[in-house]
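The values are calculated or read from the model by the stated rules, or taken from the named source; none is laboratory data. Every value quoted in this text rests on a predicted model; they were computed, and no experiment measured them. Heads up, the Cβs are rebuilt from the backbone with ideal geometry, glycines too, and the neighbour counts pull from every protein chain shown.
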Amino acid sequence: MKLRLIPYFVKQAFQNVRKNRLVHIVGISTMIISLLIFGTFLLLFYNLDNWIHGWGNSFSMSIYLQEEMDPGTKKELLELIRNFPGAKIEKIISKEQAYKDLLRALGKDAIVLKGLPRNPLPASIEVVFEPVNGERPDPWPIKAKLETFRGVQEVQYSEEWLNRFKGLMKVFRLTGFIIGGLLSLGVLFIVTNTIKLTLYSREEEIAIMKLVGATDWFVKIPFLIEGTFQGMVSGFISLLVLYSGYALLSAKKAEILGLAILDFVFVPAPYFLTIFLVSAGLGLVGGFIALGRFFKI
Amino acid sequence: MIQLFHLFKNFGPNVALQDINLRIRKGDFVFVTGPSGAGKTTLMRLMFGAEKPTSGNILINGINLNRIRRQKLDLLRRKVGFVFQDFKLLTGRTIFENVALALEVAGERPSYIRKKAHLALRSVGLAKREQSYPLQLSGGEQQRVAIARAIVNDPLVLLADEPTGNLDPELTKDIMLLFRTIHMKGTTVVVATHSRNLLEETAQKQIILNRGRLVGNK
């Protein structure tokens with residue numbers, strides 16, 4: 001192919017888009033919606049995965065103490081905890097503090113606690129285990145060791161619900177693949193049909209071009225550019241809308257709740273670049289499919 | 001320039017051409033004639049590579065159209081100009097753009113395209129109407145544009161299928177004069193026509209077809 005023909009092909013492609021702008025507007029809009037659905041799903045999945053991954057790596061442990069633990073033993077226990085790799089004591093909650101916290105949490109229902117003869121809540125120590133050299137500490141030996149320590153009533157940590165969450169994420173990921181696959185097929189179908197419509201609208205022109213000696217590729221390339229352009233525009237606009245939606249919602253969340261419990265982040269560059277490239281790629285493939293079915297000149 | 005050997009063409013059960021053998025030399029001006037349904041258009045389309053023969057061979061400038069690859073056929077078409085009875089012009093493009101199309105598909109440079117398309121339109125007397133659209137022109141003028149497009153690539157052969165079929169006698173004379181001028185410049189010209197008047201006025205070589213058979217070659 002002669003390189004100087006590239007501007008000609010691009011010009012032809014844009015002329016096609018201009019001549020069939022309504023078809024392209026409809027096609028691009030539908031593609032944007034499809035990509036937005038997928039993008040939203042990806043955004044949610046990415047953040048959920050992030051949170052779970054974060055929680056999974058730096059798990060927390062609640063150590064409940066028996067009432068009669070003397071200060072010396074407590075000091076020993078704290079020393080033992082501090083010696084675990086990656087351990088960081090977050091909070092030491094006394095019986096009284098636990099009671100106050102529960103009262104506050106129950107709000108109007110706190111009256112149920114008023115009838116109790118004594119405070120039933122145990123004192124506790126909240127420990128967070130950070131990864132050591134990128135490795136997550138094994139919680140089971142820590143838990144076992146702490147449970148055998150005199151004066152420790154119970155040790156709880158978030159493993160079980162975390163595992164349940166991880167299972168849920170697997171289902172979520174599979175759902176993502178299925179949705180992504182179906183939407184990709186949908187997008188492909190839209191591009192193919194958009195290009196086919198522009199091909200039909202130029203059927204006579206193509207036939208004449210072939211009669212005066214145009215090669216197949218000479219005719220095909222502008223349509224492939226057109227498909228890729230459609231994919232690129234759809235990808236770009238959908239990412240822009242997705243980001244605007246994300247910015248708007250994350251700002252509202254902060255305003256309403258006053259505090260951000262979890263960091264809600266936008267999909268990182270490799271992800272949105274992938275969405276953009278996949279969108280452009282689907283446009284190109286759609287163009288190929290449309291041309292393959294049409295080209296029997 | 002053009003050689004046909006035992007050429008047969010069937011459309012389903014209908015026989016369009018039967019055992020055609022002929023030779024058109026370089027620089028010839030030939031009429032393909034015969035009544036409607038004789039197979040003139042089929043023969044022209046076969047020589048242009050728009051149809052494949054059922055059997056037999058067609059050689060254009062030594063190239064066998066049966067053995068040629070699709071892409072090579074596209075390239076060969078740049079050396080074989082074709083003028084259609086219905087002009088086949090793009091109504092959404094100016095006549096300059098219509099003529100330039102034949103050069104654009106050949107990947108020529110824009111400056112060369114401008115020059116050649118202008119010259120081709122000048123040679124058919126339409127240089128001043130370059131920016132007109134086909135529907136703003138008369139039938140004769142539209143056919144001139146089609147001829148300009150067919151010759152803009154300096155083809156070795158010019159094939160014209162009933163080029164005056166839609167034109168009145170005055171315009172027919174003009175168009176035939178144009179073909180003679182093109183022929184004088186060295187192009188092999190083959191014109192299919194059923195017009196007796198046209199044939200009576202000419203002393204050119206004639207290939208006569210009837211019911212798909214070659215019945216005369218004078």
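Here are a few things to note about the model shown:
- Test for A:TYR64: is it over 30 Å from B:GLN71 (Cβ atoms), away from chain B (no Cβ under 14 Å), of a type in the set (Ser, Thr, Tyr) and assigned to a helix (DSSP H, G or I): no
- Condition met for B:LEU171 (assigned to a helix (DSSP H, G or I), of a type outside the set (Lys, Arg) and at pLDDT 90 or above): no
- Test: residue in the range B:95-109 that is of a type in the set (S, T, N, Q), at pLDDT 90 or above and over 21 Å from the mean Cα position of the chain (by Cα): no
- Filter result (of a type in the set (A, V, I, L, M, F, W, C) and facing chain B (nearest Cβ under 7 Å)) within the range A:198-217: A:ILE208, A:MET209, A:LEU211, A:VAL212, A:ALA214
- When the test is whether a residue is in contact with an Asp or Glu (Cβ under 9 Å, 6 or more places away or on another chain) and on the phi < 0 side of the Ramachandran plot, A:ILE125 passes it.
- Any chance A:PHE172 is under 15 Å from A:ILE52 (Cα atoms), of a type in the set (A, V, I, L, M, F, W, C) and either surrounded by 14 or more Cβ atoms within 10 Å (Cβ to Cβ) or at pLDDT 80 or above (or both): yes
- Residue match in the range B:44-66 (condition: assigned to a helix (DSSP H, G or I), modelled with pLDDT of 90 or more, in contact with a Lys or Arg (Cβ under 8 Å, 6 or more places away or on another chain) and more than 12 Å from every other protein chain (Cβ to nearest Cβ)): yes
- B:LEU135 vs. criteria touching a strand residue (DSSP E or B) at 6+ places or on another chain (Cβ under 9 Å) and in contact (Cβ under 8 Å) with a residue 12 or more places away in the chain: no
- Matching residues, the range A:97-138, being surrounded by 16 or more Cβ atoms within 10 Å (Cβ to Cβ) and either among the acidic types (Asp, Glu) or part of a helix (DSSP H, G or I) (or both): A:ALA98, A:TYR99
- Scope the range B:95-116; condition under 10 Å from B:VAL145 (Cα atoms) and within 14 Å of another protein chain (Cβ to nearest Cβ); matching residues: B:ILE95, B:ASN98, B:VAL99
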